Amino acid sequence: MDLSDINNKYRNLELSEIIELYNNNNNNNIKLSGSLKTYKEKLNDNIKWEKKNIEMSHNIYEIYYTEYNTKKLIKPFKPYNNYEFEYIFEFGPNCRNYDKNKILDITNCII
């Protein structure tokens, strides 16, 4: 999709519709700062995870997100061979200890 396609697609939108689109797209991003904690408690099997993005130090990572017992939790969507991602999930270099079920508590880290 090039710029002219984008202009044609959104040309007839009202300002309020453009703002709503912007807000909907940005609702998928969660900005984090601080120390994340491994969540070790047992979760119900029927928890629904939704795909979101976390932003840390100008990097964006796709993750799964849920809220459970007043806690805000994330788990990885896919591995990233990136020091920051490997560090926050404790996967080690090249995600050698990658675990798709590793859960972190981000409750106190959301900006």
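The values are calculated or read from the model by the stated rules, or taken from the named source; none is laboratory data. Computed from a predicted structure; not experimentally measured. Cβ: placed from backbone, ideal geometry, glycine included. Neighbour counts: every protein chain shown.
For F85, all conditions in the list (1) on the phi < 0 side of the Ramachandran plot; (2) more than 13 Å from the chain's Cα centre (by Cα) hold save one; what is the number of the exception?
Only one criterion in (1) on the phi < 0 side of the Ramachandran plot; (2) more than 13 Å from the chain's Cα centre (by Cα) is unmet by F85, namely (2).
Run down N23, N81 and say which single residue is at pLDDT below 90 and not aromatic (F, W, Y).
That would be N23, the only listed residue that is at pLDDT below 90 and not aromatic (F, W, Y).
Search the range 78-111 for residues being touching a residue at least 24 places away in the same chain (Cβ under 8 Å) and surrounded by 17 or more Cβ atoms within 10 Å (Cβ to Cβ), and hand back the single one that is farthest from S33 (Cα to Cα).
If we take residues in the range 78-111 being touching a residue at least 24 places away in the same chain (Cβ under 8 Å) and surrounded by 17 or more Cβ atoms within 10 Å (Cβ to Cβ), then I103 is farthest from S33 (Cα to Cα).
Looking at the structure I just gave you, is N59 loosely packed, with under 10 Cβ neighbours inside 10 Å and either modelled with pLDDT under 80 or out of contact with any strand residue (DSSP E or B) (no Cβ under 6 Å at 6 or more places or on another chain) (or both)?
Values: loosely packed, with under 10 Cβ neighbours inside 10 Å: no; either modelled with pLDDT under 80 or out of contact with any strand residue (DSSP E or B) (no Cβ under 6 Å at 6 or more places or on another chain) (or both): yes.
For N59, the condition - loosely packed, with under 10 Cβ neighbours inside 10 Å and either modelled with pLDDT under 80 or out of contact with any strand residue (DSSP E or B) (no Cβ under 6 Å at 6 or more places or on another chain) (or both) - is not met.
Anything in the range 38-72 that is over 14 Å from C109 (Cα atoms), among the β-branched types (V, I, T) and assigned to a strand (DSSP E or B)? List them, or say none.
I60, I63, T66
Out of curiosity, is Y65 crowded, with 16+ Cβ neighbours inside 10 Å, on the phi < 0 side of the Ramachandran plot, of a type in the set (S, T, Y) and in contact with a helix residue (DSSP H, G or I) (Cβ under 9 Å, 6 or more places away or on another chain)?
Numbers: crowded, with 16+ Cβ neighbours inside 10 Å: yes; on the phi < 0 side of the Ramachandran plot: yes; of a type in the set (S, T, Y): yes; in contact with a helix residue (DSSP H, G or I) (Cβ under 9 Å, 6 or more places away or on another chain): no.
No: the conditions fail for Y65.
Considering only residues that are assigned to a loop (DSSP other than H, G, I, E, B) and either within 16 Å of K51 (Cα to Cα) or among the β-branched types (V, I, T) (or both), which ones fall in the range 73-111?
Selection gives F77, K78, P79, Y80, K100, N101, K102, I103, I106, T107, I111.
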